[in-house]
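A.B. asks: My structure is below; once you've seen it, I'll send some questions.
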Amino acid sequence: MLGWMAWTWPTALLFVGIFSAIGFLTVLELKFPGGAERVGILRLTTTRGDRLFITLLGTAYIFLAWLGLVGMPLWWPLAISIGWGVFCFWKV
Amino acid sequence: MKTQNQRAWFFVLPVLLLVAFNALIPMMTVVNYSVQETFGDNLFFWEGLRWFQEVLQSERFHNALGRQFFFTFMILIIEIPLGIAIALSMPKKGPWVPVCLVLMALPMLIPWNVVGAMWNIFTLPDIGLLGYFLNHTLGISYDMTQDPVAAWVTIIVMDVWHWTSLVVLLSYAGLVSIPNAYYQAAEIDGASNWAVFRFIQLPKMKTVLTIAILLRFMDSFNIYTEPFVLTGGGPGNSTTLLSIDLVKIALGQFDLGPAAAMSLIYFAITLLTSWLFYTLMTRDDNKA
């Protein structure tokens, strides 16, 4: 049934990761409503969901920039992305 | 008694399902394509992130991207001020209001491929009204099928003709919603026309202008039909915008992997730019 979608394990895991992050945020929101809103270091008002979005979008750009400017392997952009995610949830 | 519950979410469910089927699932398929190679027959071979690297480092992509940004920049810098100017000069009441509104709405009612075909015929040097007039009456050499500059002028003018109305209508809606008291206060203070525009009209139009800029950015960044029908991306590659190049790779060459990688990069650019626009332009509202 899903054959036409040409699934691979890595891409499936990527989506499982994104959807479980969204699911986790939903559970958090039900337990602690309000989205933990605050004004971060970029002077933006962000909720948990905003911070996840900024993390994911930034990660995409870090990997694309590395692929375009440097190439393989991708351990460094992975480390930078994790750092970026921590920074987003901590300060932004 | 509880006055609030989460039941309203169930009403959003149909939309969610619809979006899942027409956007999310195709998008996931594109992600799957972007890491594989196929020769048809639904057979796929793992390639990893090779296509992304290839697209990002290819000159063809850089050029198409550059053309795309140039096109979007040009139409925004023309359509937004022009739209505001036209909205300011439109009557606020009286019998001419509906006439102006209908006239403004007309270009937007025409389907995109018809707009492309219209402008194609209109600007052909030997039979088109504009093309013939420029070439044979004024003696200006103008041929958008041969000359890249003429082709660029034509696609930009065509887009301005087609979509400035959107900016006009949105700005106009913002303008007529300003209460008269603001203008009366400005008159008492002896404010100049420029001051009225700068401190009353422009701030009051901010929300609609944000929407106008966002819509025009996204539409023009994803534009395909009009330039494709008008110039077909030519002469040469001079008006091959990102979407035209993407279709060439995906359907012309049947390179689904690179095309999928390219469309994801394309998507990332649209997403970031729209998010930046929206965040920067609504930042002050959140503070208040």
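A.B. asks: Looking only at the stretch B:20-70, how many residues end up being in a helix (DSSP H, G or I) and facing chain A (nearest Cβ under 8 Å)?
C.D. replies: 10
A.B. asks: Let me ask something additional. Condition first: exposed (fewer than 13 other Cβ atoms within 10 Å of the Cβ) and either of a type in the set (A, V, I, L, M) or assigned to a helix (DSSP H, G or I) (or both). Can you find one or more residues in the stretch A:61-70 that meet it?
C.D. replies: There is at least one residue in the stretch A:61-70 that is exposed (fewer than 13 other Cβ atoms within 10 Å of the Cβ) and either of a type in the set (A, V, I, L, M) or assigned to a helix (DSSP H, G or I) (or both).
A.B. asks: Residues of the stretch B:251-269 being surrounded by 14 or more Cβ atoms within 10 Å (Cβ to Cβ) and of a type in the set (S, T, N, Q), which ones?
C.D. replies: Correct list: B:S263 only.
A.B. asks: Applying the selection to the stretch A:1-21, what residues are in contact (Cβ under 8 Å) with a residue 12 or more places away in the chain and away from every other protein chain (no Cβ under 12 Å)?
C.D. replies: A:A21
A.B. asks: Another one. Can you pull out every residue in the stretch B:30-44 that is surrounded by fewer than 17 Cβ atoms within 10 Å (Cβ to Cβ), without any contact (Cβ under 8 Å) to a residue 60 or more places away in the chain and either closer than 23 Å to B:H162 by Cβ or touching a helix residue (DSSP H, G or I) at 6+ places or on another chain (Cβ under 9 Å) (or both)?
C.D. replies: Correct list: B:N42 only.
A.B. asks: Let me ask you something else. Among A:K91, A:K31, which is the only one that is surrounded by fewer than 13 Cβ atoms within 10 Å (Cβ to Cβ), over 22 Å from B:T270 (Cα atoms) and in contact with a Gly (Cβ under 8 Å, 6 or more places away or on another chain)?
C.D. replies: Unique residue meeting the criteria: A:K91.
A.B. asks: Answer yes or no: is there a residue in the stretch A:1-16 that is part of a loop (DSSP other than H, G, I, E, B), within 28 Å of B:A260 (Cα to Cα) and among the polar types (S, T, N, Q).
C.D. replies: Checked against the condition, which is being part of a loop (DSSP other than H, G, I, E, B), within 28 Å of B:A260 (Cα to Cα) and among the polar types (S, T, N, Q), the stretch A:1-16 yields at least one hit.
A.B. asks: Keeping to the stretch B:7-19, report how many residues are within 18 Å of A:L30 (Cα to Cα), in a helix (DSSP H, G or I) and not aliphatic (A, V, I, L, M).
C.D. replies: 2
A.B. asks: Mind checking which helices (runs of 4 or more DSSP H) fall wholly inside the stretch B:195-288 and carry at least 1 residues that are away from chain A (no Cβ under 14 Å), farther than 21 Å from A:D50 by Cβ and not β-branched (V, I, T)?
C.D. replies: B:202-221, B:225-230, B:242-247
A.B. asks: Let me ask another. When you look at B:Y132, is it more than 22 Å from the chain's Cα centre (by Cα), assigned to a loop (DSSP other than H, G, I, E, B) and either surrounded by 19 or more Cβ atoms within 10 Å (Cβ to Cβ) or among the aromatic types (F, W, Y) (or both), yes or no?
C.D. replies: no
A.B. asks: A further question on this structure: Considering only the stretch A:22-39, state which residues are aliphatic (A, V, I, L, M), touching a residue at least 12 places away in the same chain (Cβ under 8 Å) and in a helix (DSSP H, G or I).
C.D. replies: Within the stretch A:22-39, A:I22, A:L25, A:L28 qualify.
A.B. asks: Out of A:L69, A:L13, A:L42, which single residue is on the phi < 0 side of the Ramachandran plot, modelled with pLDDT of 90 or more and hydrophobic (A, V, I, L, M, F, W, C)?
C.D. replies: Result of the check over A:L69, A:L13, A:L42: A:L13.
A.B. asks: Of the residues that sit in the stretch A:40-56 and are in a loop (DSSP other than H, G, I, E, B) and within 13 Å of chain B (Cβ to nearest Cβ), which one is farthest from the chain's Cα centre (by Cα)?
C.D. replies: Top of the filtered list is A:R43.
A.B. asks: Here's another thing I want to ask about it. Whether any residue in the stretch B:89-98 is away from every other protein chain (no Cβ under 14 Å), surrounded by 15 or more Cβ atoms within 10 Å (Cβ to Cβ) and under 27 Å from the mean Cα position of the chain (by Cα) is what I want to check.
C.D. replies: yes
A.B. asks: Of all residues in the stretch B:132-158, count the ones that are more than 13 Å from B:F228 (Cα to Cα) and of a type in the set (S, T, N, Q).
C.D. replies: The qualifying residues number 4.
The values are calculated or read from the model by the stated rules, or taken from the named source; none is laboratory data. Treat the numbers as computed from the prediction; the structure is a model and nothing was measured. Using ideal geometry, Cβ is built from the backbone for each residue, glycine included, and neighbour counts are taken over all protein chains shown.
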